[in-house]
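A quick write-up on the structure given underneath.
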Amino acid sequence: MSAAATPVVSGRLLRRTAADRRRAIVDRTMRTLCLIAAILGVIPLTAIIAYIVVNGIQALTVDFVTKPPTASGVNGGALNAILGTIQMVGLASIIAIPVGVLGGVFVHEFSDRRSARVIRFSADVFVGVPSILIGIFAFTILVLPFKQYNAFAGAVALAFLMIPVIMRSTEEILRLVPGSLREASLALGVPMWRTVASVILRTGLPGILTGVMLAVARAAGETAPLLFTALGSRLVNVGDFSKPMDALPLFIYNNARQPFEILNKQAWGAALVLLIFVLTVNILVRARTWRRRPS
Amino acid sequence: MTQRAAPGSATLPRRGSRWPDRLFRGTSGLAAWAMVAILIGLAAMLTLSSLPAFREFGVVEFVTGTTWDPVASVYGAMPYIAGTLFSSAIALVIATPIAILTAIYLAELAPPRIAAPLTFLIELIAAIPSVVIGLWGVFVLTPFLKVTIESWFVSNLGEIPIFSGPPLGVGLFAAGVILSIMILPTIVAISREVIRSVPDSQREAMLGLGATRWETTWKAVLPFARSGIFGAIILGLGRALGETMAVTMVIGNSPDLPDSIFDQSQTIASKIATTFNEATVGIQTSSLIALGLILLVITVLLNIAARALVAQASGRDEGGMR
């Protein structure tokens with residue numbers, strides 16, 4: 001805090017009245033309250049991270065990342081969940097990245113104002129749709145017809161979550177690409193598609209990657225869209241997207257509800273794995289954007 | 001928004017074949033409109049699938065009904081609507097004052113050296129997966145609330161019906177606290193942005209008149225930012241209403257209408273999360289989806305209203321913030 005805590009009006013020329021003193025006290029009190037609020041705001045984050053690290057680290061053994069779960073939890077691991085998350089988030093990215101990036105390109109480069117507004121509005125609204133409803137949607141179109149919970153439906157649900165995020169961030173980044181680059185390329189006779197691919201997207205690539213990474217981190221932590229789609233499974237499922245598959249968030253949710261301490265411990269372990277991934281991505285991304293726009 | 005050069009290559013001389021351009025434009029258009037199609041598809045599917053329930057019970061009766069009994073095949077949404085609204089209301093009561101004061105601190109008072117990392121830390125909460133926060137809620141927060149805040153309220157203010165016990169830890173109040181943690185970053189981030197976009201002339205004029213920093217903030221900056229902050233709060237509310245996993249894990253999932261804020265309850269999202277897979281009869285599934293439709297309508301309307309408020313306040317015509 002700066003020295004400005006003393007009342008501004010107390011100069012040499014002005015006499016300090018009782019009212020001034022009261023104003024100074026109000027000023028100081030409210031500013032302190034603001035500081036306290038900010039500290040209060042950080043406490044939950046610290047508490048959550050501390051508990052996850054302390055409890056999770058005890059569960060993180062070699063078995064944990066190399067073995068499938070066992071019924072009792074003894075000698076069991078979370079291999080099914082780790083592989084499941086990698087596969088489903090991977091497939092979701094394969095679907096969502098092209099759709100999201102191309103969509104963002106269309107809104108910025110090709111569409112007229114009205115279409116752009118409609119598409120942007122849809123993406124913004126969709127970001128606010130509760131993820132559990134996206135789960136119901138994916139269930140209806142991809143689980144009901146096949147009468148079988150499957151990992152493909154889970155990946156599609158995650159892709160639905162990622163698309164609007166990637167689309168909006170791509171568009172925001174493309175706005176920052178100078179128009180002169182585009183004009184220069186077009187003036188050289190380069191066709192539009194090559195201009196977009198090798199000039200515009202190339203220039204915006206770091207920013208687009210940032211948006212993609214944030215979307216991936218978000219999808220990796222989502223549980224609700226997977227409940228009625230991938231369902232979860234105790235078996236290690238590699239490559240069979242027509243069958244149920246586990247994921248780290250599902251693993252945490254299911255093990256947290258068990259009455260056995262050893263299974264609860266594994267939930268903490270899985271939470272730590274997830275947290276490390278999500279926080280690493282976020283911190284890397286923030287560090288990047290900070291360096292680029294030091295504001 | 002900046003004006004961009006005339007879109008497309010309409011003025012380009014024909015040089016070679018133009019089909020790759022058309023193909024590229026077509027594909028990207030398809031991708032962009034897929035977003036619109038997904039949204040419409042979701043809304044249409046929820047509406048269609050909930051029709052049987054609405055037809056069977058009537059819209060008003062379904063919304064106001066207080067019994068949810070799969071055995072008797074009677075479905076009423078009120079307990080879950082109440083659980084959703086109450087838990088979110090508790091979250092707002094806790095989060096709003098803290099979030100606004102924090103936003104003021106970050107935007108107006110803190111030196112940049114402190115403001116930047118603090119903003120980062122607070123926004124980091126939004127990145128933590130909901131199920132991880134729920135895990136912490138189950139094993140750390142609820143036992144803590146049970147022996148501290150809840151038992152204090154019950155033993156000192158227990159005569160007031162809404163504070164009546166027993167303190168269970170798990171319940172509406174715990175859900176509200178968890179939600180307040182989860183919506184805090186949303187409200188802080190957007191309020192901070194709105195406050196920062198208040199023109200400096202406002203501050204300078206007020207300081208020039210001899211006002212203190214707080215008077216400047218309170219009387220010259222906040223009135224300017226009021227509608228935007230209001231929008232931020234509504235966006236937070238929208239997040240709270242739809243939040244699923246963390247709430248499911250700490251609210252206790254009881255199908256009764258709550259009498260006290262320490263009662264166990266259930267929200268629309270947690271009801272769907274816990275029973276959708278077990279629903280075997282068509283009408284039960286349809287009723288659950290009807291719950292989902294109610295949730296969709298509320299959250300979408302709130303989001304649209306909030307975005308309009310925030311966009312207006314921060315002077316941008318398109319808000320791209322989450």
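The values are calculated or read from the model by the stated rules, or taken from the named source; none is laboratory data. A quick note: this is a predicted structure, and the numbers were derived from the prediction, not measured. Positions of Cβ are generated from backbone atoms using ideal geometry, with glycine treated the same way; all protein chains shown enter the neighbour counts.
Which condition does residue A:76 not pass, out of (1) part of a helix (DSSP H, G or I); (2) farther than 16 Å from residue B:42 by Cβ; (3) of a type outside the set (S, T, N, Q), if it passes all the others?
The single condition residue A:76 does not satisfy is (1).
Among the candidates B:217, B:212, B:186, B:244, single out the residue that is within 10 Å of another protein chain (Cβ to nearest Cβ) and closer than 17 Å to residue B:313 by Cβ.
B:217
Picking from A:153, A:138, A:71, which residue would you name as being more than 17 Å from the chain's Cα centre (by Cα), more than 10 Å from chain B (Cβ to nearest Cβ) and either at pLDDT 95 or above or crowded, with 21+ Cβ neighbours inside 10 Å (or both)?
A:153
Can you find, within the range A:37-50, the residue that is farthest from the other protein chains (Cβ to nearest Cβ) among those that are of a type in the set (Val, Ile, Thr) and in contact with a Leu (Cβ under 8 Å, 6 or more places away or on another chain)?
A:49
Do you know which residues across the range B:257-278 are within 23 Å of residue B:60 (Cα to Cα) and of a type in the set (A, V, I, L, M, F, W, C)?
Listed by number, the residues that qualify are B:257, B:268, B:269, B:272, B:276.
For the range B:150-187, name all the residues that are of a type in the set (A, V, I, L, M, F, W, C), over 25 Å from the mean Cα position of the chain (by Cα) and more than 21 Å from residue B:79 (Cα to Cα).
Scanning the range B:150-187 gives B:152, B:153, B:154, B:157, B:160.
Name the helices (runs of 4 or more DSSP H) wholly within the range A:130-220 that hold at least 1 residues that are under 30 Å from residue B:271 (Cα atoms) and in contact with a strand residue (DSSP E or B) (Cβ under 9 Å, 6 or more places away or on another chain)?
A:151-176
Can you go through B:269, B:290 and tell me which one is in contact with a helix residue (DSSP H, G or I) (Cβ under 9 Å, 6 or more places away or on another chain), crowded, with 22+ Cβ neighbours inside 10 Å, more than 10 Å from chain A (Cβ to nearest Cβ) and more than 13 Å from residue B:172 (Cβ to Cβ)?
B:290
Pick out the one residue from B:158, B:171 that is more than 21 Å from residue A:37 (Cα to Cα), touching a strand residue (DSSP E or B) at 6+ places or on another chain (Cβ under 6 Å), surrounded by 15 or more Cβ atoms within 10 Å (Cβ to Cβ) and not acidic (Asp, Glu).
B:171
Looking at B:119, B:96, B:142, B:102 in this structure, which one is of a type in the set (S, T, N, Q) and at the interface with chain A (Cβ under 7 Å from one of its Cβ atoms)?
Of the residues listed, the single one that is of a type in the set (S, T, N, Q) and at the interface with chain A (Cβ under 7 Å from one of its Cβ atoms) is B:102.
Can residue A:281 be described as more than 9 Å from every other protein chain (Cβ to nearest Cβ), within 17 Å of the chain's Cα centre (by Cα) and of a type in the set (Val, Ile, Thr)?
no
Pull out all pairs, ordered by first then second residue, where Cβ-Cβ is under 8 Å, the residues are six or more apart or on different chains, the first lies in the range B:197-214 and is in contact (Cβ under 8 Å) with a residue 24 or more places away in the chain, and the second is outside any helix (DSSP H, G or I) and exposed (fewer than 12 other Cβ atoms within 10 Å of the Cβ).
B:197/B:315
Which count do you get for residues in the range A:221-255 that are assigned to a helix (DSSP H, G or I) and crowded, with 24+ Cβ neighbours inside 10 Å?
Total satisfying the criteria: 11.
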